Amino acid sequence: MEVRVFSGLEKFLPNKRFGEPMPVNLPDGATVRILLNKMHIPEEQVFTVLVDGRHQTLDYTVRDGERVSLFPPVGGG
């Protein structure tokens, strides 16, 4: 699968930049929560998960070939 991180989450991934795609391999049946653990991104730092452009939860089972985008809470006004 392809994973992209945005808006500060890249700080958890040395040498990765905002929105830069990265391939990640996970075992069958792995969830977004397992993906975050593998990538050393704390769950509480992720507010929005998009898989192929659709909102998903941390318990969503990811599949090979999907595109996962991770976003933190974003403030502003």
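Rundown of residues vs (1) open to solvent by 60 Å² or more (accessible area, probe 1.4 Å); (2) within 10 Å of the chain's Cα centre (by Cα), yes/no style:
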site: 11; (1), (2): yes, no
site: 15; (1), (2): yes, no
site: 25; (1), (2): yes, no
site: 31; (1), (2): no, no
site: 36; (1), (2): no, yes
site: 42; (1), (2): no, no
site: 52; (1), (2): yes, no
site: 62; (1), (2): no, no
site: 69; (1), (2): no, yes
- [ ] Please specify each residue of region 12-44 satisfying the condition of being in contact with a strand residue (DSSP E or B) (Cβ under 9 Å, 6 or more places away or on another chain) and assigned to a helix (DSSP H, G or I).
- [x] 12, 32, 35, 36, 39
Open item on the list: Could you list, ordered by first residue, the pairs with Cβ atoms under 6 Å in which the first is in region 6-21 and within 14 Å of residue 41 (Cα to Cα) and touching a residue at least 40 places away in the same chain (Cβ under 8 Å) and the second is among the hydroxyl-bearing types (Ser, Thr, Tyr) and open to solvent by less than 60 Å² (accessible area, probe 1.4 Å), at least 6 apart or interchain?
Closed with: none
Open item on the list: Can you tell me which condition residue 55 does not meet? The list is (1) part of a helix (DSSP H, G or I); (2) at pLDDT 95 or above, and all the others hold.
Closed with: (1)
TODO: Looking only at region 13-36, count how many residues are farther than 12 Å from residue 67 by Cβ and touching a helix residue (DSSP H, G or I) at 6+ places or on another chain (Cβ under 7 Å).
DONE: 7
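The values are calculated or read from the model by the stated rules, or taken from the named source; none is laboratory data. Because the structure is a prediction, the values reported are computed rather than measured. A quick note on method: Cβ atoms are made from the backbone with ideal geometry, for glycine too, and the neighbour counts reach across all protein chains shown. Protein only, heavy atoms only, side chains kept; ligands, DNA and RNA dropped before computing areas. Shrake-Rupley method; radii C 1.70, N 1.55, O 1.52, S 1.80 Å.
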